[in-house]
Amino acid sequence: MSESASLYERLGGTYGIAGAVDILVDRLFENAAVNANEAVHAHHGNPANAPGYKFLVTAWSIQAAGGPECYPGLDMKKAHESLSISEPDFDAVAMEISATLNFCGVPAAEHQEFMDIIESYRSMVVAPEHQHADSVAV
């Protein structure tokens with residue numbers, strides 16, 4: 001693949017990203033640390049929500065990685081504002097994303113590039129009352 005290929009292309013396009021998200025969402029729904037937040041558990045605790053959540057996370061990931069604009073959901077700040085996400089909550093999800101990328105064999109450069117995207121959303125996802133001044137993304 002050419003060096004000018006987008007991250008979306010280097011991650012395998014829609015099929016590669018959807019495959020990873022399928023694994024990721026199953027992991028998130030089972031992760032005790034992720035579900036320790038009651039507002040998150042209200043969503044992740046309902047298996048009926050998994051297909052829709054997989055669709056939204058896939059579409060968001062495609063778009064965030066430089067693929068086609070296809071994400072129909074709320075912006076990250078609005079989507080998370082009622083969940084009172086803490087720094088440890090964010091870290092638990094980021095750990096699952098990283099572990100899923102490892103499990104799927106994503107090369108180190110693409111892994112880091114995607115995790116940098118995830119990290120860039122920290123300040124939009126973590127509730128203001130939980131943000132540490134030294135961890136707010138710029």
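The values are calculated or read from the model by the stated rules, or taken from the named source; none is laboratory data. The structure presented is a predicted model; accordingly, all values stated were derived computationally and were not measured. For neighbour counting, all protein chains shown are included, and Cβ atoms are generated from backbone atoms with ideal geometry for every residue, glycine included.
The table that follows gives values for the structure above.
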quantity: Complete set of residues in region 39-52 that are modelled with pLDDT under 95 and of a type outside the set (Gly, Ala, Ser); calculated: 40, 41, 43, 44, 46, 47, 49
quantity: Subset of region 105-117 (residues that are hydrophobic (A, V, I, L, M, F, W, C) and crowded, with 17+ Cβ neighbours inside 10 Å); calculated: 106, 114
quantity: Filter pass, residue 61 being of a type in the set (Gly, Ala, Ser) and more than 22 Å from residue 81 (Cβ to Cβ); calculated: no
quantity: Helices (runs of 4 or more DSSP H) completely within region 19-92 that count 3 or more residues being out of contact with any helix residue (DSSP H, G or I) (no Cβ under 8 Å at 6 or more places or on another chain), buried (at least 16 other Cβ atoms within 10 Å of the Cβ) and at positive phi; calculated: none
quantity: One residue from 61, 86 being at pLDDT 95 or above, over 20 Å from residue 10 (Cα atoms) and of a type in the set (Ser, Thr, Tyr); calculated: 86
quantity: Residue count, region 56-109 (criterion: over 27 Å from residue 132 (Cβ atoms) and β-branched (Val, Ile, Thr)); calculated: 3
